[in-house]
Each structure stands twice: as C-alpha cells, then as structure tokens.
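**Student:** Please find one structure pasted underneath; my questions will follow.
The values are calculated or read from the model by the stated rules, or taken from the named source; none is laboratory data. Please read these numbers as outputs of a predicted model, since none were measured by experiment. Glycine also receives a Cβ, built like all others from the backbone with ideal geometry; neighbour counts cover every protein chain displayed. Calculation scope for accessible area: heavy atoms of the full protein, side chains included, ligands and nucleic acids excluded. Shrake-Rupley method; radii C 1.70, N 1.55, O 1.52, S 1.80 Å.
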Protein chains: 2
Amino acid sequence: MAITLKEVAERAGVSRSAVSRAFTDGASVSEKMRRKVEKAARELGYSPNALASSLTTGRTKLIGLVSNNFHNPIFLQVFDLFTRGLQDRGLRPLLVNLSDETDPEASVRMLRQYSVDGAVVASSTLPPGFARAFRDAGVPVVHSFGRSSSTPQVHVVGIDNVECGRMAARTLIARGYRRLAFLGGPQSATSTQDRYTGFFDVLNAHPEVETSHSFADAYSFDAGRREMLRLLETTPAEAYFCGDDVLSIGVLSAITESGLKVPDDIGIIGLNDMEMARWQNIDLTTIHQPIRQIVTSSIELMVAMLDEPDRYPEARIFPCSVIERGTLRPLP
Amino acid sequence: MAITLKEVAERAGVSRSAVSRAFTDGASVSEKMRRKVEKAARELGYSPNALASSLTTGRTKLIGLVSNNFHNPIFLQVFDLFTRGLQDRGLRPLLVNLSDETDPEASVRMLRQYSVDGAVVASSTLPPGFARAFRDAGVPVVHSFGRSSSTPQVHVVGIDNVECGRMAARTLIARGYRRLAFLGGPQSATSTQDRYTGFFDVLNAHPEVETSHSFADAYSFDAGRREMLRLLETTPAEAYFCGDDVLSIGVLSAITESGLKVPDDIGIIGLNDMEMARWQNIDLTTIHQPIRQIVTSSIELMVAMLDEPDRYPEARIFPCSVIERGTLRPLP
DNA sequence: CGTTTTTTTGCAACCGGTTGCAAAAATACT
DNA sequence: AGTATTTTTGCAACCGGTTGCAAAAAAACG
C-alpha cells in the first residue's frame, strides 16, 4: 500500500541510501541529487516511515503522556497545552489514561514497547514513586503537577502546595475570619496533605483562631457538596479553604441550597483558578496555579532530557497567587 | 540499553525465531520451549519492541485520536472514554491537537509516518472533508461527533443535529413560550447549521410563534454572555435555544447579571448535557447527547475496520433526549 | 594537465523483530 | 520396530529504513 524508500530509489534511478539521505537533513547529499529524489518522491507520494527509521536512530519522537486526571476540567487545558507544545517541537504524545489503580510497571512496560523517547506524568494525585518507575526503567521522565521537594528523585514541575496552604490561611486571617476550616480533597493525595500542612502551619501561630478540618472523598462537585451539606448540619466555620475549584463549587452549591449567602455568611477560597472560577455566576476567589508555565517548563525539561538523559533531577516550582473574586469578604 | 530478542535467544540457547514465537500467541511452540524462553526473558527483563514487529506485521496498534475541541469540557470526558476504550482493546491513542486551521494533509501525512492502524476524528466542528482526507490516504477513519448524513462518505458516529433543533423547538412550544430565539454557536459549524434548520423547520409550522436568531462567535462562556448582554439591550425573547451548554451558562450569567430571573423571565435550553449542567447552582435544562454510546460505538466501528478496511461507510446516529432541569418553566 | 583534497554516492551490514519453508523431533499408527 | 504424520525448530530472507566505509566524482591546487 504505502510507498517505500526502495520504490523511490528505483524511480529516481539512485541508491536507497541516497533517498534516505535526501530526507535526512544535515546528510551529505548534492543539491542535484536531492532535487531528483524529491521529484520522484513527490510523484509517488512517498513519506518516510518514522517507525522504521526509529529502529536505527533510536529515536521515535514519541512521548508518553500519562495521566489519571481525566475528570478535572483544568486537565483539558493541560492536555491542550501539552499536545500543542509537544507537536510544535516535532514530538508526538502517546496518551495513557491510568485507570484507578494501574500498576506503574504495566504502563512503563507498554511505553517501552513503543520505545517512547520520554514520558510526562501529568498528575497531582499520583505518588512520586510512579514517576520513579519510569526513571528506573531508563525512560526520561518529568512529573508535572507532582509534589515539590527539595530533594527530588525525578524531575518535578509544579507548585509548592505547602506554601499554597499558608497563603490560603493568611488570606483568610487578613480578611478577619476567625473560625477557619480546611475542606480537603482525598486524604491520600500528597497535594491534600501538603496544603493541610501549610494551612495549619500558619494557623498554629494564631491561637485566637478556631480551626477544624475535614476531607471530601474526591476532587469533585458531588463530593464537595455532600461534605458541605454534612458540615451545615451543625455550626459551620466562617470560611473554608477547599481542596480545589471543583470541590469549591460543590461547596458553594450546598451553601446556597441551604439558604445561606456567600460571602456574607460563609467565605470560600478554592485552588487552581480553573476557567469556570472566572464565570460571573460562580465568581470564585481562588489560588491561581500557573498551568501554562508548568506545562511549558515541563516540555522544555523533557526536550533537554532527550539530549542529556542523565541530567540531574531538579524541581521547578512556580509561585501561585490569590485571585480575588466574590467568595470572600473584602479586606477590612 | 534495552534487551533484544537476540540476547534472550542466546541466554535461552535457542534460535531467535523461537523467542519470537514464544511471544506471539497462536504460534507453533512447545510448552517446554515457551517456558524456557519466558524464563530467560524474565531474567533479562525483556519485552518485545512493538515498533520493530510492526514493520513486518503491518500493524502498530496505534490509533490517531484527532481533535480540535480542546476547550469544550465534554471533550475531557470524550478523551477519557476514548483512551480507556482503546487501551482496553490493546490500542494506543496517538493524540493530535489541531490548531485552528491545520492542513488536513499535514495531519494525514504525520499519522501515516507513524503507520497508525486507523484514526478517529473526534470533532463537532471540523468539516466532513477532513475525515475524508484520511480515507483517501487509505487510513481507516471514523468521524465521531460528525455531521449525520444519509449518504456518509466516511464512517460517522454522532447525533442528528437537525432533530435536536426540532426537539428544542417542540419543547419550548409545549411549555407555552411564544417568542422564541435561536442563539447558535459559530455559524460555520455544521452542527450550528443543522440545529438551526431543525429549529425553524418546526417553528415554520407555527405561525403564531414569533422567532429570531443570532450567533455567538464561539462555543464559549464569554461568547454566550456577550451575545446575551447585547440581546438584553432591546427586548429579549421569552426563551432561547442555545448552541451548547457552555454557551448557555454564559447566557444565564448575562441574564442574572442584568437582574432578570431564569426561568421566570427568560427560559434557556442548552445542548450536550455536560457534567456541569447537572450542578445545582447551574441546573440547566438541556438536550442530552449520549457521549458514552457515541464513543463506544466509534471504537467498535474502528476495531471492525481494522479487520475489514474497505467496509462500506455507515452513519450511526444516536437519539438525544431532553433533560428537564430548572431553566425552563414546567409544562402547563 | 596531473595530482591532491573534498564531496558525493553506493555497497553492505545493521536496527529488532517476523515468517515461509524445509529439516528435525516427537507422536501416531500398523 | 518401522513407517507415516504431525508438531516443533532453525535458517534465511524480509519489513523500511540508517550509516560506516570505501570507491567514484567533483573541486581545488600547483
């Protein structure tokens, strides 16, 4: 079906190597030869088989894009940015959707069978050990949205969740709230743990502030709403730092359903600053996570690693910032 | 770096063919041989190179997943379902993100270079000709969320947008609205055109109903909000059929911002029934599009085509249904 | 112009597998 | 046991490219 190098060579009356070289830039070919080959190729509609060449060059330009966050709206943007960014550099994303508890080894094996040049693990909920499995298998890996660390074992690009927790606490205190609560996502996620740490890190220095905490069982609207409805059965806090924006919207929904007003009765601060947070009928005050920078930086790191696979692991941490909207009362 | 067939063969003291056969099911190998090979393979940590084998078998198990809808939240679910579904069948999605006006030929060429076994074009906004380019290049293709047709030129799986338009019109009329408007997405999208056709198809039979129409310039919150704010400057209609759910939410936002109430003052019906439509603080009445079925069916069709590439093109159209929530007044 | 140097080309081996075919081994049959 | 049959195995060629090396051609030099 498809035209091969050999056929082009025959048509152009040259050797197969000549054709190969005509399609490899930087190769030793005369202008004349290149034109002759290109003509034949064009007439035949030839385009080189990337996989066959990968066999000898050792490069497939395939990059595994591994994630388990196919329910969080911000990840649509993440995928958008990743696919575009990789494509722009001539790399091809091979998408891997981890079902809830996929064996890391299985993914690693699969991606090695396809000889990916590298893998990006894009997930805020996978344990650091997951990315490590790739590194151990000799696959260059970047863990995007992974846990920040001062002694990273693999390349990590993301935010400092502990600092986000602190930031949320400071923001709430500055606005005069005195009964604060942490309403986290799944307790098993490192992001939840870190935000918790940071949040109470600051609050512990404020004995006048009353605190409480609880966890929703997923980063989802329903989980947030359910948990908030439960909390509303007794006396709720004055303000909540929620696990993420989706959760926050569930929480908002629960609050308004029960007849209370935001921010008058209860304040909410989320995390992520997803597209919808900005929507006027949601108008969520939240902590902005610089997704674009994280993705861009991840890709740069990936590209760098393709040339230098044993690059010393680094953590690239990007600062977050509070985006003031309408779910927190203003500064006094 | 990676272990090859040859090394396993040497270690096991057998021929290379034997090793190859041990890893191909259905091949002629004795139980004894298989065990011997597997042992050696395990000790060496060998796993076969899928790309090398594709060279002779002609099958890569790679499927191009081509889309330009990286901003519509329902597509996150679409990608989730596609990647899972393909993975479950041992197929690997190679993701292609079409930047606004990518040349179909370029995508086709790229996917052919990677010898994909087939391609799924998942898009409600690409012209039918796009998918045809794949077919013409000999790549089995399914156009998911494509325009329904009684004489499809490529396999199409989706909904009947004309019928959706009719359904919206009937729904609004049944609820007693008498000044109706169509607030479509981009006029260039076939989905917009078809819904328009269906909508006015029904309304033309109702001379007592007053109608109007306009178009937002994207399927986005902002575009919907902007257009509705514009419409609110004069006398708005009693009810709007909006291009999709995201658009609808923008419209809702504009309406409440201007102090009117939904559904008391203005009724809204969307299309897609995305995750968020269900959220209690949005609670959008909308037309449900059976995404899961569309994806499942697309994958089945794709798998069928891998065995039978010249299968006669068919259109698989799934029925939609109105989901009653809170943005339309109830039936009288 | 002949000689040296540089560039271009083709040969042949290789990348990591698969597969048709014939020989070898195992099984079945008399 | 000897022969016919079936199963298993290895050889060698092939899939579609790349690349080191040496020969051929072109360019530079005296």
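**Student:** Could you give, in nm with one decimal, how far residue A:210 is from each other copy of that position, shortest first, with labels 7 Å out from Cα toward Cβ?
**Tutor:** Inter-copy label distances (nm, one decimal, shortest first): 5.6.
**Student:** Right, something else. Which residues in the range A:107-148 have a backbone N closer than 20 Å to a point placed 7 Å from the Cα of residue A:310 along the Cα-to-Cβ line?
**Tutor:** Residues A:117-119, A:132-142 qualify, since their backbone N sits under 20 Å from the label point.
**Student:** Whose amide H sits under 5 Å from the amide H of residue A:315, counting only residues 5 or more places off or on another chain, with H placed in the peptide plane?
**Tutor:** Under 5 Å from the amide H of residue A:315: A:156.
**Student:** Quantify how strongly other chains surround peptide B:105-118 by giving the mean number of their Cβ atoms within 10 Å of each of its Cβ atoms.
**Tutor:** The per-residue average across the peptide is 3.
**Student:** In nm to one decimal, list the spacings between the residue A:127 label point and its equivalents in the other copies, with label points set 7 Å along Cα to Cβ, shortest first.
**Tutor:** 5.3
**Student:** Evaluate the charge dipole of the protein assembly as shown about its Cα centre and quote only its size in Debye, nearest 20, assuming +1 on the Cβ of each Lys and Arg and -1 on the Cβ of each Asp and Glu. Walk me through the numbers before you get to the answer.
**Tutor:** Numbers: 72 positive and 78 negative charges, 499 e Å.
Dipole about the Cα centre, nearest 20: 2400 debye.
**Student:** Taking the Cα-to-Cβ direction at residue A:105 and at residue A:204 and moving 7 Å from each Cα, how far apart do the two end points lie in nm?
**Tutor:** A separation of 3.9 nm, rounded to one decimal place.
**Student:** Right, next: Please report, in whole Å³, the volume per residue of the convex hull around the C-alpha atoms of the range B:208-332.
**Tutor:** Convex hull of Cα atoms, per residue: 147 Å³.
**Student:** Can you check how the C-alpha radius of gyration of the range B:70-207 compares to 2.2 N^0.38 Å, as a plain ratio?
**Tutor:** Output field value: 1.24.
**Student:** Find every distance from the label point of residue A:105 to the corresponding label point in the other copies (7 Å from Cα along Cα→Cβ) and write them in nm, one decimal, shortest first.
**Tutor:** Those separations, rounded to one decimal, come out as 4.9 nm.
**Student:** So, one more: Normalised by the number of residues in chain A, what is the relative contact order in percent for Cα pairs under 8 Å and 6+ residues apart? Please list the in-between numbers first.
**Tutor:** Working: 616 pairs, mean separation 51.5, N = 332.
Once divided by the residue count of chain A, the mean separation gives 16 percent.
**Student:** Let me ask something else. Give me the percent of accessible area attributable to carbon and sulfur for the range A:5-48, probe 1.4 angstrom. Can you show the working numbers first?
**Tutor:** Values: 1310 of 2910 Å².
C and S fraction of accessible area: 45 percent.
**Student:** Moving to a separate point now. With point charges of +1 on the Cβ of Lys and Arg and -1 on the Cβ of Asp and Glu, referenced to the Cα centre of the range B:161-289, which listed residue (B:271, B:176, B:223) lies farthest in the positive direction of the dipole?
**Tutor:** Positive-most Cα among the choices belongs to B:176.
**Student:** Something else now. Using unit Cβ charges (K, R positive; D, E negative) and no other charged atoms, how large, in debye to the nearest 20, is the dipole of the range A:5-48 about its Cα centre?
**Tutor:** 100
**Student:** Just the accessible area for residue B:7, please: 1.4 Å probe, Å², rounded to the nearest 10?
**Tutor:** 80
**Student:** More than 29 Å apart: what percent of Cα pairs in chain A qualify?
**Tutor:** Value for chain A (Cα pairs over 29 Å): 49 percent.
**Student:** How much accessible surface does residue B:255 have with a 1.4 Å probe, in Å² rounded to 10?
**Tutor:** 0
**Student:** Take the Cα atoms of the range A:5-48, find their three principal axes, and give me the spread along each one in whole Å, biggest first.
**Tutor:** Dimensions of the range A:5-48 along the principal axes of its Cα atoms: 23, 18, 15 Å.
**Student:** Another question, if that's okay. Tell me which lysines have Cα within less than 30 Å of residue A:61's Cα, excluding those fewer than 8 residues away on the same chain?
**Tutor:** A:6, A:32, A:36, A:39, B:6, B:61
**Student:** With contacts defined as alpha carbon pairs under 8 Å and 6 or more residues apart, what's the relative contact order of the range B:182-263 in percent?
**Tutor:** 35
**Student:** Next question. One-quarter of the Cα convex hull surface for the protein assembly as shown, in nm²?
**Tutor:** For the protein assembly as shown, averaging the hull's shadow over all directions gives 34.7 nm².
**Student:** Here's something else I'd like to know. Taking a virtual spin label 7 Å from the Cα of residue B:153 along the C-beta vector, which residues in the range B:117-131 bring their backbone nitrogen under 19 Å of it?
**Tutor:** Correct set: B:119-131.
**Student:** 5 Å is the cut-off here: which amide hydrogens, built 1.01 Å from N in the peptide plane, fall below it relative to residue A:271, excluding neighbours closer than 5 in sequence?
**Tutor:** A:244, A:245, A:287
**Student:** Taking residue B:261 as the anchor, which lysines have their alpha carbon closer than 22 Å to its alpha carbon, excluding any fewer than eight residues away along the same chain?
**Tutor:** A:261
**Student:** Remind me, relative contact order of the range A:5-48 in percent, using alpha carbon pairs under 8 angstrom and six or more residues apart?
**Tutor:** 42
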